[in-house]
Amino acid sequence: MDSGTNNARPREELKVLYDYELTNAPGKSIVGLELYYKPDGTSPPHRHAGATAVAYVVEGEFLSGMNGDPPQVYTAGQKFVERPGCHHTVSDNNSKTNPMKAIVVLVVDTAVLKSEKGYAALMEIDDAWE
């Protein structure tokens, strides 16, 4: 994605790795994403459509702050969980010189993915940001 209206920093890049409906959890799907930030990259404040999200940092440093708590830095090999309804207030590459890559796995209502918005529904950006 390109830079946003309120921020000249580079935006996140997302690639869908997989998407499966869970037969042992009717109405739920699991989606795997590759999240990539260029140096000094960012995502606007957002939520994940009621999903549980687990992020695993593969490369670089991920600065993550949720629900107004102080942001924490996660480095390669570390992970964190966003519970349903979590407000991801800070989501940044902590480095201005090196990229950051993470794998994010979301468990979400299948109906969200089948909505008109499709995968775009997985990132509900705060209205105040746009």
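Brief remarks follow.
- For the chain, the fraction of alpha-carbon pairs in successive 5 Å shells from zero, as %: 2, 11, 20, 25, 21, 13, 6, 2, 0
- For the chain, with all protein chains in place and a probe radius of 1.4 Å, 51% of the accessible heavy-atom surface sits on carbon or sulfur.
- Ordering of 97-108, 51-62, 71-82, 17-28 by burial proxy (mean other Cβ atoms within 10 Å per residue, highest first): 51-62, 97-108, 71-82, 17-28
- Kirkwood radius for region 73-130, taken over all pairs of different Cα atoms as the inverse mean of 1/r, rounds to 14.0 Å.
- The chain, accessible area per residue, ligands and nucleic acids excluded (1.4 Å, Å²): 55
- Expected 222 nm ellipticity per residue - DSSP helices of 4 or more, -39500 (n - 2.57), all of the chain, to 500: -500 deg cm²/dmol
- Distance violations [Cα-Cα > 28 Å] among Lys28/Lys101; Lys38/Lys114; Lys28/Lys79: Lys38/Lys114
- Here's the list of aspartates and glutamates a cross-link from Lys96 could span, going by alpha-carbon distance under 12 Å and ignoring same-chain residues fewer than 8 apart: Asp40, Glu61.
The values are calculated or read from the model by the stated rules, or taken from the named source; none is laboratory data. Quantities reported herein were computed from a predicted structural model and do not represent experimental measurements. FYI the Cβ positions are ideal-geometry reconstructions off the backbone, even for glycines, and counts take in every protein chain you see. Areas reflect the complete protein model, heavy atoms only, side chains present, ligands, DNA and RNA absent. Shrake-Rupley method; radii C 1.70, N 1.55, O 1.52, S 1.80 Å.
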